[in-house]
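Input: a single structure, listed below in structure tokens.
The values are calculated or read from the model by the stated rules, or taken from the named source; none is laboratory data. Please read these numbers as outputs of a predicted model, since none were measured by experiment. We place every Cβ from the backbone using ideal geometry, glycine too, and count neighbours over all the protein chains shown. Keep in mind that these areas ignore ligands, DNA and RNA; they rest on the heavy atoms of the full protein, side chains included. Shrake-Rupley method; radii C 1.70, N 1.55, O 1.52, S 1.80 Å.
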Amino acid sequence: MVKVFINGVETTHQASEFENFGDFLRKLIPEGQVLKSLKINGKDVPISFVDELKGARIDEDITIEMELVNAVGFLVETLKDVLGYIEHVKRLLPEVSRNLIMNSESGWRAIKDLADGISAMENLRTSTRQITKLTEEELNMVTNPSEVMEVLRSLLSALDARDNLEVSDVVENKIPVVLNYYIEYFSKVLEALRTTN
């Protein structure tokens with residue numbers, strides 16, 4: 001038997017009821033709910049690893065504990081955290097730029113972190129749009145997405161050329177356009193969610 005605890009409520013299932021872990025999640029997480037935390041046999045599983053587990057088979061004699069939350073409420077909390085993160089990153093850009101000019105290891109590490117952060121913001125923007133169904137037109141966005149793409153292209157071009165002066169310039173003077181786009185987008189989504197709920 002597979003013991004499942006969802007928000008503390010226990011149910012049992014046969015492992016054969018589920019094709020794999022992804023099927024298990026589809027069948028047991030109601031629409032409008034999202035997975036906030038996961039434990040398998042008492043061990044915490046980071047939510048970031050859930051996608052990797054989706055193809056795994058479910059074994060008998062396993063205990064799965066899940067905490068589910070309302071998707072919109074979870075999104076509101078996540079967006080607040082992300083907005084704080086973006087403001088923090090913006091404050092660090094001049095320092096990153098100086099480190100790049102000096103061609104320091106920490107500057108190049110910060111660029112990798114920045115790229116990962118922008119990728120995560122874009123993934124969150126895509127997920128947010130799927131959850132809320134709000135378009136950029138409905139949000140009355142001021143920043144043009146093509147402007148953001150142009151900045152990212154110029155950053156990639158400078159990185160490809162390993163031109164630390166150009167990378168430094170893009171980081172300090174153009175990346176704020178990208179970060180401001182995400183601040184505007186996530187702030188307007190938050191405002192829309194607060195208005196409708």
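Tabulated results
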quantity: Residues being assigned to a helix (DSSP H, G or I) and farther than 20 Å from Val148 by Cβ - total across region 92-109; calculated: 11
quantity: Criterion (in contact with a helix residue (DSSP H, G or I) (Cβ under 7 Å, 6 or more places away or on another chain) and open to solvent by 90 Å² or more (accessible area, probe 1.4 Å)) met by exactly one of Ile118, Ile101, Ile86, Ile131; calculated: Ile101
quantity: Of the criteria (1) over 26 Å from Ser48 (Cα atoms); (2) touching a residue at least 60 places away in the same chain (Cβ under 8 Å), which one Val178 fails; calculated: (1)
quantity: Criterion violated by Asn144 - all others in (1) within 19 Å of Asp81 (Cβ to Cβ); (2) open to solvent by 40 Å² or more (accessible area, probe 1.4 Å) satisfied; calculated: (1)
quantity: Count - residues of region 33-42 that are surrounded by 12 or more Cβ atoms within 10 Å (Cβ to Cβ) and either closer than 17 Å to Thr128 by Cβ or of a type in the set (Gly, Ala, Ser) (or both); calculated: 5
quantity: Checklist (1) over 30 Å from Glu172 (Cβ atoms); (2) open to solvent by less than 90 Å² (accessible area, probe 1.4 Å); (3) in the same structural domain as Ile175 (by the TED database) applied to Glu77, failing item; calculated: (2)
quantity: Candidates Thr63, Thr78, filtered to the one that is among the hydroxyl-bearing types (Ser, Thr, Tyr) and modelled with pLDDT under 95; calculated: Thr78
quantity: Unmet criterion (only one of (1) touching a residue at least 40 places away in the same chain (Cβ under 8 Å); (2) in a helix (DSSP H, G or I); (3) within 27 Å of Asn7 (Cα to Cα)) for Gln130; calculated: (1)
quantity: Residues being of a type outside the set (Asp, Glu) and farther than 14 Å from Ile58 by Cβ - total across region 10-36; calculated: 7
quantity: Flag for Asn173 being surrounded by fewer than 14 Cβ atoms within 10 Å (Cβ to Cβ) and within 27 Å of Asn70 (Cβ to Cβ); calculated: no
quantity: Hey, Ser157 small (Gly, Ala, Ser) and exposed (fewer than 14 other Cβ atoms within 10 Å of the Cβ) or not; calculated: yes
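Conditions (1) basic (Lys, Arg); (2) open to solvent by 70 Å² or more (accessible area, probe 1.4 Å); (3) under 30 Å from Val167 (Cα atoms); (4) without any contact (Cβ under 8 Å) to a residue 60 or more places away in the chain, marked per residue:
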site: Asp51; (1), (2), (3), (4): no, yes, no, yes
site: Met66; (1), (2), (3), (4): no, no, no, no
site: Val82; (1), (2), (3), (4): no, no, yes, no
site: Arg91; (1), (2), (3), (4): yes, yes, yes, yes
site: Ile111; (1), (2), (3), (4): no, no, yes, no
